[in-house]
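Chemist: Supplied in structure tokens, the structure appears directly below.
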Amino acid sequence: QESLHPRCNRARCEWRPVAMVANPKISVAAQLQAEDQFERSLKLGRRKVDKLMGKIPKGTESCFGDFPIEAVRTEQCRVTSMRLIGSAALTQTPRQHPTVVPLSGQQQEHQQQQNLGRTVPVDLQSAVSSMEAHLASPRSPNSAFMLRGTGSGGRAFSTSPRQPQPKTTPPKAGACQRRPIKPTEFRRFYDRGDLPIQVQHTGTQNRVQWKVDVDKLDYHHYLPIFVDGLREKEDPYRFLAIEGTYNMLENGGSKILPVVPQLVIPIKAALNTRDVEVVVTTLKVLQALVLSAEMIGEALVPYYRQLLPVLNIFKSHTSSTYDQIDYGQRKRRDVGEMVDETLEVLEANGGEDAFINIKYMIPTYESSVMD
């Protein structure tokens with residue numbers, strides 16, 4: 001693009017074209033990293049809470065992996081240590097409540113000799129006698145019986161006030177609630193060092209550095225592993241999985257079409273997490289997959305029954321801004337709009353049978369191709 005820049009001379013003001021340097025496009029994975037840094041200041045400990053609730057998988061116990069079984073403390077040792085820590089935390093200081101010091105044998109004998117001459121106070125004797133009278137059985141001579149008509153037993157109605165009935169609401173179906181994310185195959189392979197990638201840290205954004213040429217990779221082996229990593233929500237797993245998937249789709253060409261049946265299960269697993277962030281990322285990858293080569297859109301038509309049910313759930317989840325301006329439209333994070341956009345791409349590249357199959361799974365969808 002070119003813009004006119006004024007350059008004033010003594011005689012006249014002339015306009016000369018000046019070339020504008022375009023900023024490099026920020027990738028999807030780098031954009032997610034920037035969003036995480038922004039949300040970390042707003043929601044402190046969000047990842048930690050998700051791990052405690054089981055929403056995202058926990059990492060390894062150390063930088064070298066998990067500890068061996070013989071070195072892990074048993075459950076009994078853990079409970080014992082927790083009891084010791086709890087008892088130490090609950091001990092009170094002498095200034096608040098003095099602790100009871102155990103007496104030796106001579107001190108106990110001396111205290112018993114001092115208590116021999118003491119008598120039981122009268123108040124204590126009266127309390128004991130009243131307790132015995134209260135606990136006496138009806139056959140005992142000192143027990144008091146109730147007169148006829150004074151009790152409340154055997155009546156046809158209750159004299160107690162009416163209890164208000166609790167208002168119960170119908171339970172929620174929970175169709176849009178997040179599902180726990182299990183550890184992926186990408187995480188296992190990356191921790192083992194079996195993937196030929198690493199993170200290249202640059203000044204503006206991180207990039208993926210491949211140790212081999214992308215064209216020489218075995219797509220039947222690596223592409224399903226990278227697509228399975230789309231469920232990850234922690235870096236570097238998420239960044240490498242998303243960037244690696246886009247790089248393989250850009251350089252795959254004719255190698256992608258035979259691998260399409262192997263990609264259905266990882267894409268379905270990512271959509272079934274019902275996590276909005278994961279669903280949006282998966283839909284973007286699905287669009288890139290359809291547009292990466294020919295015949296891929298038609299090859300996905302038999303698998304619509306596995307992929308489209310989740311899209312039917314989130315189709316109407318479009319944020320309404322009313323008269324306000326949504327400045328985040330360029331980020332494409334609205335799940336409802338992403339579902340509509342993905343369905344249009346599937347219909348446009350799916351051939352003749354695409355619309356009828358989409359309409360069967362999503363009845364509210366209207367064709368964007370047919371008049």
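The values are calculated or read from the model by the stated rules, or taken from the named source; none is laboratory data. For clarity, every value in this text was computed on a predicted model and none was experimentally measured. All Cβ positions, even for glycine, are placed from backbone atoms using ideal geometry, and neighbour counts span all protein chains on display. For the accessible areas, the whole protein counts, side chains as well, though only heavy atoms, and no ligand, DNA or RNA atoms are used. Shrake-Rupley method; radii C 1.70, N 1.55, O 1.52, S 1.80 Å.
Chemist: How much accessible area per residue does the range 295-337 have, in Å², with a 1.4 Å probe?
Modeler: Values: 2860 Å² over 43 residues.
Here the residues of the range 295-337 average 67 Å² of exposed surface.
Chemist: Once ligands and nucleic acids are excluded and a 1.4 Å probe is used, how much of Lys255 is accessible, expressed in Å² to the nearest 10?
Modeler: The value for Lys255 is about 80 Å².
Chemist: For a Förster distance of 22 Å, can you work out the FRET efficiency between the beta-carbons of Glu250 and Gln198, rounded to the nearest 0.05?
Modeler: 0.70
Chemist: Figure the gain on full extension for Arg47 and Lys359 (residue separation times 0.36 nm, minus the Cα-Cα span) and round it to one decimal in nm.
Modeler: Difference between extended and current length: 108.5 nm.
Chemist: What order do Arg192, Arg46 take when sorted by accessible area (1.4 Å probe), most exposed first?
Modeler: Putting Arg192, Arg46 in descending order of accessible area: Arg192, Arg46.
Chemist: Continuing with this model, one more query. Zone of Ile265 (label point 7 Å along Cα→Cβ, backbone N under 15 Å): which residues in the range 224-244?
Modeler: It comes to 224-229, nothing else.
Chemist: Can you give the accessible area of Thr60, probe radius 1.4 Å, in Å² rounded to 10?
Modeler: About 80 Å², ignoring ligands and nucleic acids.
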